[in-house]
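Heads up: the structure comes next, in C-alpha cells.
The values are calculated or read from the model by the stated rules, or taken from the named source; none is laboratory data. On a predicted model such as this, the values are computed, not experimentally measured, just so you know. No Cβ is skipped: glycine too gets one built from the backbone with ideal geometry, and neighbour counts run over all protein chains shown. To get the accessible areas, we keep the full protein, side chains included, count just its heavy atoms, and leave off ligands, DNA and RNA. Shrake-Rupley method; radii C 1.70, N 1.55, O 1.52, S 1.80 Å.
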Amino acid sequence: MSLYLFHFVYNTLMQKANDSSPGNQLFLPVALSNMKNDQHQPYLPLHASNWGLNNINGAVDISQDLAVSWFKALFPAIMSLSQAKPGGAVTQSMIDDAKAAVTYITGQKLNVVPMPNVGPNLHVDNIEIQGLANIQVSGKEPTVSSDDQGYHAQITLNPNAYSVSAAWCQQLALAGEERGTDSNTGQAFSGLSFVLTQTLCFADRNGKIFPPPPTLGLPPSSGHLNGFDCSATGIALLYLSQAAVVADTNVGVSNAPALQIGLNTLQLLGQQSATPDYALQNLQYQRLSPIPFPSVINASTFFPGWSTFFKNLLATEDAATLLSTQVNNALMDSGNRAKVEDLLNSQLVSIFNQIFGSSQVASGGVDVGANAVDKYLFDRARGGINDVRSYIYLPTLVLGSNSPTIEPYTASNLHIDGPFSTTVLGQQVKVTDIALQNLVINGLSNLVALPGNINFGTNQQVNATLLLDTLNPGPTVTVGGHQRTVPSPPATASTAFTLNVTVGDNTPVPISGTFNITLHNNSNTLGVQTSLTASGDTPQELALNYSRIVLVAGNGDVKLAVTLPPDDAIYEQLIDPILNQSALIQSIIGAINGYIGQNLGQISQAATKFARQVLDNLGH
C-alpha cells in the first residue's frame with residue numbers, strides 16, 4: 001500500500017486532534033489536560049526540581065553589564081554614605097568604613113568586573129512546565145519510513161497554539177507554585193524559585209585583580225581568589241516562544257493484536273533554531289546578596305541591573321540550550337512518555353472501535369504490499385463490515401445510501417432481446433424483446449463478506465465478493481438516527497414487463513404483466529463482486545470510485561415467475577418452461593449489471609459522501 005495509507009490515517013487523526021469543535025473527544029488539548037496520575041489528579045503540568053545551570057558560557061558581555069550596573073549602584077551609595085553625618089540608621093563606624101572603601105577604590109582606580117572565565121550560575125527549583133496541553137499537530141508533513149513491522153515517523157507539534165478562555169490554554173512556561181508579586185508591575189503571579197549568581201571582582205585598568213575593599217564586608221567566593229559572589233534570589237515566571245515539539249514515533253502492532261504507538265523521543269526545539277526563545281515574564285526579588293551597609297543602602301537600587309542581566313542571560317544560546325536540555329529530560333522521563341503513549345493508544349482504540357465496532361480482528365484475504373500495520377487495519381475493516389456495531393457494517397452502508405437508494409434498488413428500462421425458446425406440446429415457443437420497466441429489488445442490504453473474500457491490493461484498490469441472502473432474520477440497524485430492518489431472505493424483485501411470444505410460425509404476440517424474481521443463496525455463491533479504489537490525502541479529498549459492481553448467481557439461486565392478466569393467462573403455460581432457463585436468468589442478471597455499471601459514478605459519489613460523513617463524525 002506504500003505510504004498512502006499512513007498519510008491518510010495521519011491526516012485524518014491530525015484534523016481530529018486539532019478540531020476544537022464542541023463535543024470532539026479527540027481534541028488533543030482537552031485529552032492531554034484530562035490525563036490523571038495514580039492519585040486521580042491532573043497529570044499536567046509536569047513537575048521538576050533543582051535544575052542547576054552552572055558556568056553558563058556565552059554570557060561574557062552580559063556579565064560585564066551586570067558588573068558595571070552593580071558598581072554604578074554601589075559606588076554612589078557608599079560615596080554618599082562616606083559624606084553623611086551620624087544619625088538614625090547611619091553610624092560613625094559605617095561612615096568610616098564607607099570612606100575607607102571609597103579611598104581604596106579611587107586610590108587604585110578600581111572597577112568591578114566579572115571574574116575571568118567564570119560564567120553565571122542559575123539554579124531553579126519547584127518547577128512546573130506549564131502549557132504542554134496548549135498544543136496542536138503541525139501542518140508540517142511528517143518524515144515517514146516503513147518496514148515490515150510498521151512505520152517510523154517524526155511528527156512536529158506546535159505549542160502556544162490556541163488563545164481561548166479555557167483552563168488548559170496556558171502559555172508554554174517554566175513556572176511553579178510560588179506566589180509572587182512582580183517587582184516592576186506589582187502584578188501577582190505564580191512562578192519557580194531561582195538563585196542567579198555571578199562571581200565578580202575588583203580590577204584596575206590593566207586587568208589586575210585586587211581583593212575587595214575590606215571594609216565593605218563582601219564574602220569571598222569559594223574557589224575564586226579575590227572574587228565575591230553576587231546573587232539574586234526570588235520567584236520568576238519564564239515564557240517560551242517560537243517553540244516546537246518533535247515526537248519520534250514507531251507505529252506497530254502489539255501481540256493483542258492492537259495498533260501501538262511508541263514514543264522514542266520527545267524533544268523541545270525552536271521553530272527556526274535548535275532552541276525556543278526564553279523570556280522573563282514576571283520577577284520578584286526576595287534577596288540580593290551581598291548588599292553592603294544593608295540598613296542604609298536599599299536593595300532596590302540594584303534591581304534594574306539584575307533584571308536586565310536575567311533577561312539578557314535567558315536570551316543567550318547557551319542558557320536556552322541548558323534550559324531546553326532540562327525540559328527535554330522531563331519530557332523524556334520514561335513515566336511521562338508512557339503516560340502520553342497510553343493516551344495516544346487509548347485514542348486510537350476509541351477511533352477504530354468507533355469505525356470498526358468491536359476490537360475483533362478477522363484475518364484473511366490477500367493484502368499485496370502490506371506491512372503489519374496495514375494488515376491490522378485491513379483485518380479490522382474485514383471484521384467491521386460484518387459487525388453490527390460498526391460504522392461500516394455492510395447492511396448499514398447499503399441502507400444509508402439515498403442517492404441512489406439501494407434498499408430497495410430500482411433498475412429501469414432493462415431490455416433483453418432474446419430469443420429464448422423451448423418446445424411445448426410439439427410447438428416451438430420463442431420469447432423475445434423482454435422489457436422490464438422498473439425492476440425493484442428488495443434485499444440487497446442482506447450482505448456479509450467472508451474475510452477471505454476481501455483483498456486489499458496496490459494503488460489503494462479493494463476487491464471483494466459479498467454474499468447475499470445469509471442474514472436470517474435480517475438485523476435491525478440505526479441509519480440516520482432511525483431504526484431500519486434488513487429484509488430477511490429471500491431477496492425479491494418485481495416489475496411490470498412486456499415481451500413477445502411466438503408460437504411456431506405464427507405472428508409474435510405482445511403480452512404484458514408482472515415479472516417476479518426470487519433470489520435465494522442455495523449455491524452459497526449468490527452475491528456481489530466489487531472493485532473499489534480510494535484516492536485523496538485528507539478526509540475532505542477522499543474519493544471512493546467503484547470500477548466494478550456485479551451481481552453473480554449460481555445454479556438454483558434465481559427463480560423467475562410471471563403474472564399475466566386473465567385474458568393472457570393461457571400464455572403462462574407457454575412461458576413458464578422458459579423462465580428458469582439459465583440463459584434467460586443470466587441475461588436478466590447481465591441487464592441488471594449493465595444498469596448498475598452505467599450508474600457506478602453515482603454509487604461512487606454516494607459511497608464517498610458516506611465515508612466523509614463517517615470520518616467527520618469521529619470523536620463525537
Quiz prompt | Within segment 152-178: backbone nitrogen closer than 19 Å to the S20 label point (7 Å, Cα to C-beta) | solution = 157-173
Quiz item: Separation of segment 104-162 and segment 183-245 by C-alpha centroid, Å?
Solution: 21 Å
Quiz item: Short version: ³J(HN,Hα) in whole Hz for each residue of segment 133-138, in order, from phi by Karplus 6.51 cos²θ - 1.76 cosθ + 1.60 (θ = phi - 60°), x for Gly and Pro, what are they?
Solution: 7, 7, 9, 9, 6, 5
Quiz item: Using a ≥ b ≥ c from the Cα gyration tensor of segment 388-617 (square roots of the eigenvalues), is it rounded, prolate or oblate, where a/c under 1.5 gives rounded and otherwise the larger of a/b and b/c decides, a/b for prolate?
Solution: prolate
Quiz item: Measuring with a 1.4 Å probe in the full set of protein chains, what accessible area per residue, in whole Å², belongs to segment 446-601?
Solution: 46 Å²
Quiz item: Separation between the H482 and R287 pseudo-spin-labels, each 7 Å from Cα along Cα→Cβ, expressed in nm?
Solution: 7.7 nm
Practice problem: Mind checking the full-extension length gain between D148 and S582? Use 0.36 nm per residue of separation minus the Cα-Cα distance, one decimal, nm. | Solution: 151.5 nm
Quiz prompt | ³J(HN,Hα) computed for each position of segment 595-612 - Karplus, 6.51 cos²θ - 1.76 cosθ + 1.60, integer Hz, glycine/proline x | solution = 5, 4, x, 6, 10, 4, x, 5, 5, 4, 4, 5, 5, 4, 4, 5, 4, 5
Exercise. Mind sorting out which of (i) 40.7, 147; (ii) 32.4, 106; (iii) 25.8, 89 is the real Rg and Dmax of the Cα atoms in Å computed from the coordinates?
Key: (i)
Practice problem: Compute the Cα gyration tensor for segment 1-118, then decide on rounded, prolate or oblate, letting a ≥ b ≥ c be the square roots of its eigenvalues: rounded whenever a/c is under 1.5, prolate when a/b is larger than b/c in the other cases, and oblate in all that remain. | Solution: prolate
Exercise. Sort the following peptides by mean Cβ neighbour count (other Cβ atoms within 10 Å, averaged over residues), highest first: 429-441, 334-346.
Key: 429-441, 334-346
Quiz item: By how many degrees, 0 to 90 and rounded to 10, does the Cα axis of helix 92-107 deviate from the longest principal axis of the chain?
Solution: 80 degrees
Quiz item: For segment 307-341 and segment 497-551, what is the separation of their Cα centres, given in Å?
Solution: 66 Å
Exercise. Give me the Debye-computed log₁₀ of I(q)/I(0) at q = 0.14, 0.21 Å⁻¹ for segment 148-249, equal point scatterers on Cα only, no solvent, two decimals.
Key: -0.81, -1.10
Quiz item: What number comes out for the charge environment of Q92, summing +1 per Lys or Arg and -1 per Asp or Glu over other residues with Cβ under 15 Å away?
Solution: 0
Quiz prompt | Whole-Å distance, taken between Cα centres, linking segment 562-593 and segment 394-412 | solution = 26 Å
Quiz prompt | Kirkwood Rh, angstrom, segment 571-617 [1 / mean 1/r, Cα pairs] | solution = 13.5 Å
Quiz item: Using θ = phi - 60° and the Karplus form 6.51 cos²θ - 1.76 cosθ + 1.60, what ³J(HN,Hα) does each residue of segment 383-392 get, whole Hz, x for Gly and Pro?
Solution: x, x, 6, 10, 9, 4, 8, 8, 5, 10
Quiz prompt | Length gained when the stretch K36-N617 is fully extended (0.36 nm per residue, less Cα-Cα span) | solution = 206.5 nm
Self-check item: Cross-link pairs beyond the 24 Å C-alpha cut-off, checked among K72/K109; K99/K311; K109/K311; K16/K36; K140/K311
Solution: K99/K311; K109/K311; K140/K311
Quiz prompt | Neighbour net charge for T423 - beta-carbon separation under 15 angstrom, K R +1, D E -1 | solution = -1
Self-check item: Cα-centred dipole magnitude for the chain, charges only on beta-carbon of K, R (+1) and D, E (-1), debye, nearest 20
Solution: 1500 debye
Self-check item: In nm, spacing of pseudo-spin labels at N226 and N522 (7 Å Cα→C-beta vector)
Solution: 11.4 nm
Exercise. Report, by chain and number, residues whose modeled amide H sits under 5 Å from the one on Q260, excluding near sequence neighbours (fewer than 5 apart, same chain).
Key: G252, V253, S254
Quiz prompt | Relative compactness, segment 82-153, computed as alpha-carbon Rg over 2.2 N^0.38 Å | solution = 2.72
Practice problem: Express the carbon and sulfur contribution to the solvent-accessible surface of the chain as a percent, rounded to the nearest whole number, probe 1.4 angstrom. | Solution: 50 percent
Self-check item: Helix-only mean residue ellipticity at 222 nm for the chain, each DSSP H run of n ≥ 4 adding -39500 (n - 2.57), per residue, nearest 500
Solution: -9000 deg cm²/dmol
